[in-house]
1. Within the range 21-38, can you find the residues that are touching a residue at least 12 places away in the same chain (Cβ under 8 Å) and surrounded by fewer than 16 Cβ atoms within 10 Å (Cβ to Cβ)?
2. Consider residue 234 carefully, then state whether it is open to solvent by less than 50 Å² (accessible area, probe 1.4 Å), in contact with a strand residue (DSSP E or B) (Cβ under 8 Å, 6 or more places away or on another chain), without any contact (Cβ under 8 Å) to a residue 40 or more places away in the chain and closer than 28 Å to residue 171 by Cβ.
3. Just to be sure, is residue 14 surrounded by fewer than 21 Cβ atoms within 10 Å (Cβ to Cβ), of a type in the set (S, T, N, Q) and under 19 Å from residue 196 (Cα atoms)?
4. What residue, of 122, 150, is modelled with pLDDT of 75 or more, within 21 Å of the chain's Cα centre (by Cα) and open to solvent by 30 Å² or more (accessible area, probe 1.4 Å)?
5. Return the residues of the range 1-11 that are crowded, with 20+ Cβ neighbours inside 10 Å and either within 16 Å of residue 116 (Cβ to Cβ) or of a type in the set (Lys, Arg) (or both); say none if nothing qualifies.
6. Could you please find all residues in the range 60-81 being open to solvent by 40 Å² or more (accessible area, probe 1.4 Å), at pLDDT 75 or above and either in a loop (DSSP other than H, G, I, E, B) or of a type in the set (A, V, I, L, M) (or both)?
7. Condition check: touching a helix residue (DSSP H, G or I) at 6+ places or on another chain (Cβ under 8 Å) and part of a strand (DSSP E or B). Does residue 223 satisfy that?
8. Out of the range 237-246, which residues are surrounded by 14 or more Cβ atoms within 10 Å (Cβ to Cβ) and either under 22 Å from the mean Cα position of the chain (by Cα) or assigned to a strand (DSSP E or B) (or both)?
Amino acid sequence: MLTVVAGSLGAGKTRWIWEQMTTSNSPQSLVYVNPLTTGIDAHRLLLDVPRLNVETDIAKALQASEEQSIYLELGSLLSLDLPWLAGVSHHRVAVVNPHCPTRPDWEAWADEVVMSTVLGAKTGPDANPEIGPKTRLDNAETQTDIWQAKLQGQVLDPASLHTFWQELVQGAYGQMIRTKAVLELADGQSIYIDHLPLQETTYQDLPGPKWLDGRPQRFSGIEVMGRGLDKDAIAATLKDCCLTDATLKAHQAALKESQAYFSQEAA
């Protein structure tokens, strides 16, 4: 069965999908499809749903749709005119939220409208604080830019990252609409960061061991949506936040030495 989910930025689309997956007792395998992204939402779903299969090729995912529960998440800027759905059995869900702008065509298009009021909860993907009702996250009259980067293996200096993030959300590189990232820090911790206009940035430590041996071989990446983005400046500044091989090695050696010391003290 294919479920197609649409809605505005921050409305809780991924969270709704997460709820369906984590409460499902169906023996069918689960598939998540979110085209045109670096995979941040997919990575976070995988942390809670290990049996999940992630696809970027919609056609490939649909080949076994009868034996799988497939969730296709449409970005807020993608067209709802999908001719290839005409020959595929599917259920259309629009996730709306009173704190987020909506489009009338979403509700007209949907078989089911889900009113999301759970933004700000502390668990699950897309769990963001409330967004001011006057915030415009979607505007068809203005060109929206998307900048994405996969960062596997890169480790960031926390102080430099903090400065970069504040510059980013305050408009130093263009008008920011939505920014989220999974990043590796110098202490070995993997974190999720999320920001929407008129809300404080949320930070969440992700489950998993701290990576203290060389460059992390697990997912990390960033997605920035905005208007008039200076993509070259974003990339250059983010690169300056990343640790060199020598600095990373020194950090990890110091952390291991500290861990060994405290282990001996506790013995």
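The values are calculated or read from the model by the stated rules, or taken from the named source; none is laboratory data. Fair warning: this is a prediction, and the values are worked out from it, not measured in the lab. When we count neighbours, we look across all protein chains shown, and the Cβ atoms used for this are built from the backbone with ideal geometry, even at glycine. Calculation scope for accessible area: heavy atoms of the full protein, side chains included, ligands and nucleic acids excluded. Shrake-Rupley method; radii C 1.70, N 1.55, O 1.52, S 1.80 Å.
1. Within the range 21-38, the subset touching a residue at least 12 places away in the same chain (Cβ under 8 Å) is 21-22, 24, 26, 28-38.
22, 24, 26, 28, 29, 35, 36, listed by residue number.
2. Numbers: open to solvent by less than 50 Å² (accessible area, probe 1.4 Å): yes; in contact with a strand residue (DSSP E or B) (Cβ under 8 Å, 6 or more places away or on another chain): yes; without any contact (Cβ under 8 Å) to a residue 40 or more places away in the chain: no; closer than 28 Å to residue 171 by Cβ: yes.
Judged against the criteria, residue 234 is not a match.
3. Numbers: surrounded by fewer than 21 Cβ atoms within 10 Å (Cβ to Cβ): no; of a type in the set (S, T, N, Q): yes; under 19 Å from residue 196 (Cα atoms): yes.
Against the criterion (surrounded by fewer than 21 Cβ atoms within 10 Å (Cβ to Cβ), of a type in the set (S, T, N, Q) and under 19 Å from residue 196 (Cα atoms)), residue 14 does not qualify.
4. Values: 122 fails: modelled with pLDDT of 75 or more.
From the options 122, 150, the qualifying one is 150.
5. First, pick out the residues of the range 1-11 that are crowded, with 20+ Cβ neighbours inside 10 Å: 2, 4-11.
Answer for the range 1-11, where residues must be crowded, with 20+ Cβ neighbours inside 10 Å and either within 16 Å of residue 116 (Cβ to Cβ) or of a type in the set (Lys, Arg) (or both): 5, 6, 7, 8, 9, 10, 11.
6. 81
7. Judged against the criteria, residue 223 is a match.
8. Applying the first criterion (surrounded by 14 or more Cβ atoms within 10 Å (Cβ to Cβ)) to the range 237-246 yields 237-238, 241-243.
Once the filter is applied, which keeps residues that are surrounded by 14 or more Cβ atoms within 10 Å (Cβ to Cβ) and either under 22 Å from the mean Cα position of the chain (by Cα) or assigned to a strand (DSSP E or B) (or both), the range 237-246 yields 237, 238, 241, 242.
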